[in-house]
Amino acid sequence: MPTPLLTHPDYPYAFDPSACNSCQGRCCTGESGYIFASIGEFEAIAHHLGIDMTSFIADYLVKVKNRFSIRQCKVGESHDCLFFDRNRNGCSIYEVRPTQCRTFPFWEYFRTHLDELLQECPGIKKLSDAGL
Ligand code: SF4
Ligand code: SF4
């Protein structure tokens with residue numbers, strides 16, 4: 001049975017989660033970007049990893065002005081999120097991933113930049129193309 005498309009009333013596209021199976025994490029790799037989260041979310045990740053916040057900040061975060069972002073590592077030409085597991089083709093902290101990751105691809109920015117989103121995520125379908 002096909003996976004149902006996800007929609008949001010304020011967004012001009014639908015998302016097919018089954019596309020993630022063969023996508024190889026394009027939203028977690030590729031061009032450099034920021035992966036922001038709240039302090040509470042970072043604490044949950046540190047707890048999940050079984051390490052204290054001091055070690056977590058030192059090993060996994062980078063300061064960006066007055067915020068912290070999850071570090072990335074260079075794999076070939078790609079900037080991979082440190083928590084992207086290429087062997088498993090997925091997020092290694094999936095259960096505690098930040099809100100920024102949970103809400104992709106329904107980000108405010110993409111409401112008016114659908115062409116960019118279509119290039120990044122193979123799971124995106126214009127509502128007209130999806131018959132919705
Ligand atoms: S880019 Fe889209 S299809 Fe690929 S892993 Fe991310 S959400 Fe899934
Ligand atoms: S935390 Fe997980 S879902 Fe978020 S960018 Fe990193 S690998 Fe992807």
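Mind listing just one residue for me: the one in the stretch 115-128 that is away from ligand 2 (no atom under 16 Å from the Cβ) and closer than 11 Å to residue 5 by Cβ and, of those, least open to solvent (accessible area, probe 1.4 Å)?
124
With respect to residue 74, determine if the residue is more than 10 Å from ligand 2 (Cβ to nearest atom), exposed (fewer than 13 other Cβ atoms within 10 Å of the Cβ) and under 25 Å from residue 116 (Cβ atoms).
So residue 74 passes the test.
Name the single residue, out of those in the stretch 88-114 being over 19 Å from residue 124 (Cβ atoms) and open to solvent by 60 Å² or more (accessible area, probe 1.4 Å), that is farthest from the chain's Cα centre (by Cα).
Ranking the candidates gives 88 first.
Can you tell me which residue is farthest from residue 117 (Cα to Cα) among those in the stretch 1-21 that are away from ligand 2 (no atom under 15 Å from the Cβ) and touching a Pro at 6+ places or on another chain (Cβ under 8 Å)?
3
Of all residues in the stretch 79-92, which are in contact with a strand residue (DSSP E or B) (Cβ under 9 Å, 6 or more places away or on another chain) and either outside any strand (DSSP E or B) or within 13 Å of ligand 1 (Cβ to nearest atom) (or both)?
Across the stretch 79-92, the qualifying residues are 80, 81, 82, 83, 84, 85, 86, 90, 91, 92.
Looking only at the stretch 27-39, decide whether some residue is within 14 Å of ligand 2 (Cβ to nearest atom), assigned to a helix (DSSP H, G or I) and free of Cβ contacts under 8 Å to residues at least 40 places away in the same chain.
no
Does residue 69 count as assigned to a loop (DSSP other than H, G, I, E, B) and away from ligand 1 (no atom under 15 Å from the Cβ)?
no
The values are calculated or read from the model by the stated rules, or taken from the named source; none is laboratory data. The shown structure was predicted, so the numbers you read here are calculated from the model rather than taken from an experiment. Heads up, the Cβs are rebuilt from the backbone with ideal geometry, glycines too, and the neighbour counts pull from every protein chain shown. Remember, those area values only see protein heavy atoms, side chains included, never the ligands or the DNA or RNA. Shrake-Rupley method; radii C 1.70, N 1.55, O 1.52, S 1.80 Å.
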